[in-house]
Structure formats: C-alpha cells, structure tokens
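Taking it in order: structure first as structure tokens, then the write-up.
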C-alpha cells in the first residue's frame, strides 16, 4: 500500500522552498533541462506582485514519502478565464513527480477534491499559471533544449497524468526553421504583393516613450487574433503591465514592431531572443555569478522565438502576416540570428498550421493538455 502524503504548502514557508527546488532533483541528469530563475518562480506565487491573485486563487501541493518530497502540483481557479469563456474549470500546473504512478494519483486526487469544493466541473491543464504563461506538457521532441517560455518535462509525465484518469483534450506544435528555410519563394511573393497593394509601414516599438500604451494596443490585436481559440482569454491591464515589465528587459526594438496601413496600426509582431541559451548557464540563480553568466552568454544567442503576431480582423487574410515574417527575418539576419522557433500552434488551427508550412518551418515538438470531468 502506498504511503504517499499530500500536504498543502503555504507561500513563503520552508516547504515552499522545497517546492521551488524540487525540479533540480527530477532533472539533475537531464542535458536538455533549462533551470528557471528561482526568483521569477517565487514571484509568480507572490500575491503582492502577481495581479493574477486579484481575481483568482490556487493551492500549492506537495507529495511526500517518508517525509521527503517526491512530487508537486498546483491547482487553481482562473475566474477571469472562466468568466470570459463561460466555463466552470479549475486548472493544474507546475507538475513534477518521481516516476511513480502512486505519487501522481495522490496529487491529482487532492487537486480534484479542491476543485470539487470550489464548485468546478472540469480540471484542465497544465497551465503555469495561465494560457498566457508556460503551459502544455511536452510529449514529443525531447532531444533538444526548450526555447524561452516553452515547457520541458520528463517523458514519463504523459503516462503519469493519464494514469491519474485525465485524458488528452488538445495538442499544439512547435515549429523550427533556419533563417534560410523561412525565406521561401511563396512567402516572398506574397510579401511583395502586399507591399504593392497595401503599402504597409513598419513602426518599431519605443522602449523609452509610450511603451506600455503600445503594449495595450498590441495586446488588443493579439486578443482579436486569438478570439474563439481554445483556452485563450484577454488579460487584465494589470496583468499586461506585469508581463510587459519582464518582456521589456529582453525586447529588441528591431524585432518588435507595428505594421500600419494608411496611418493606422493594423498588425503587431513580437520576436524575442531565445534567452534559454543564456539562462541554462545560471542554474536558476542570479547571484553571486548567475547574472554575469546570463549577460555573457546572452551576447552569443543565435536563436529567436516568434512570440506573438496579432492582426485586426479586417487584415487577417490580407497577407500582412507574410509581410511581417519576411520583415522579421530580414532584420534578424542583419542582427546575426540564424534560427528560430514558432511555438504553440494548436492542432485545431488549420490556418496557422498552413502558415507554418508556407514559412518552411518543420514541426519538431508536440505539447499536450489534459482534462477530467469532476
């Protein structure tokens, strides 16, 4: 009989420190794991810093065997998402576990109990904490490092989650390509046609003046592009500001721009350096030498993450997306970047799947979400 004990972990407690450090136990011999910055993870759960807690709640769980942590899980209720999507769903995330089905079953039983007490009808995840954060479970593509803001986990997690009676509900794909792969003839032809027909103007984002106002405009476009897509919902202004503050530290103005037609912004593109190339060297710590290692290795980053592309509805089928991608990679090559990833294209989005093929990108990682009716 299993002797797994699941405990609730208060934020800031000694057990919370164990929760933060537990992944180092799971991935200590894994060459592709990129340790998160401990301070960043800690801040995610800080109710005084993360505006998520202004509208939603969660519980942190730890699984123990012989008083030693062997697994962890977060369960919560995102009321902003539920209200927008007219759902009654709880979420799970931050799942890590020893290769033991009893550990996973015990954690998910506790998560289901918490969800039931909240009146939720479905448990779904992983989301760390939201759709707009690192989310999804990697199920294919374990032979390379994850790009920034993309998930990585042990291959056996899929079996553990299904063994806890959750079933697959959605897949998404990450696509990889070199700068030369992406500049396909069809893409260039569409881009040239758009330039002749629409005469689009590119305006780089200004990091010193009006940055937050630009971010709000950009997110409106992204939300319009994602409207009706699986699991998405608009962030609050405070959540946008919270995330923008972090992004501002790594944004390259040449790769973050609006596309304007007749003087009006109609599209937005954000591509960021794959900071994971540098973060891996810091081993989760900024001090005493982690920050220096990040700054040193950041100079050598050669890969990019195509993070967001938003377009107002009127122009979503105009070919402006192709124009944006050509513009991104012209600028990227000039800056010395040679490869990149387009992440999290959902299986039920044929238009974006087709766009990835047009770009010459190759699917190389698969992410999965699960759910269980309560």
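Just so it is clear, none of the values below were taken in a lab; they were calculated from the coordinates. Just so we're clear, the structure is a prediction, and the values are computed from it rather than from any experiment. Note: ideal-geometry Cβ built from the backbone for every residue, glycine included; neighbour counts use all protein chains shown.
Working from Cα positions, state the angle (0 to 90°, nearest 10) between the long axis of helix 185-198 and the longest principal axis of the chain. In the chain, helix 185-198 runs at an angle near 60 degrees to the longest axis. The angle between the Cα long axis of helix 211-226 and the longest principal axis of the Cα atoms of the chain comes to about 80 degrees, rounded to the nearest 10.
Using alpha-carbon pairs under 8 Å, 6+ residues apart, how would you state the relative contact order of the stretch 5-174 in percent?
Rounded, it is 20 percent for the stretch 5-174.
Per-residue ellipticity at 222 nm from helix content only, as computed over the chain with -39500 (n - 2.57) for each DSSP H run of at least four residues, stands at -10500 deg cm²/dmol.
Each Cα pair under 8 Å and six or more residues apart adds its sequence gap; the mean of these over the residue count of the chain is a relative contact order of 23 percent. Helix 14-26 axis versus longest C-alpha principal axis of the chain: approximately 70°, rounded to the nearest ten. Modelled label positions at residue 333 and residue 79, each set 7 Å beyond Cα in the direction of Cβ, lie 5.2 nm from each other. Where the alpha-carbon atoms of the chain are placed on the principal axes, they occupy 71, 47, 37 Å, in descending order.
As a calculated quantity, the FRET efficiency between residue 109 and residue 142 at R0 = 25 Å, using C-beta atoms, amounts to about 0.35. Gain on full extension, evaluated as 0.36 nm per residue between residue 25 and residue 211 minus their Cα-Cα distance, stands at 63.0 nm. Geometric descriptor of the stretch 5-174, per residue, is 118 Å³ (volume of the convex hull of the Cα atoms).
With the Kirkwood sum run over all distinct C-alpha pairs, the stretch 176-365 has a hydrodynamic radius of 17.5 Å.
Spatial offset of the stretch 72-112 relative to the stretch 344-368 amounts to 27 Å, using the alpha carbon center of each.
Distance from the alpha carbon centroid of the stretch 1-59 to that of the stretch 223-266 works out to 27 angstrom.
Estimate the FRET efficiency between residue 237 and residue 362 by the formula 1/(1 + (r/R0)^6), using the beta-carbon distance for r and 41 Å for R0, to the nearest 0.05. Before the final figure, lay out each step's value.
Working: r = 37 Å, r/R0 = 0.91.
Efficiency, rounded to the nearest 0.05: 0.65.
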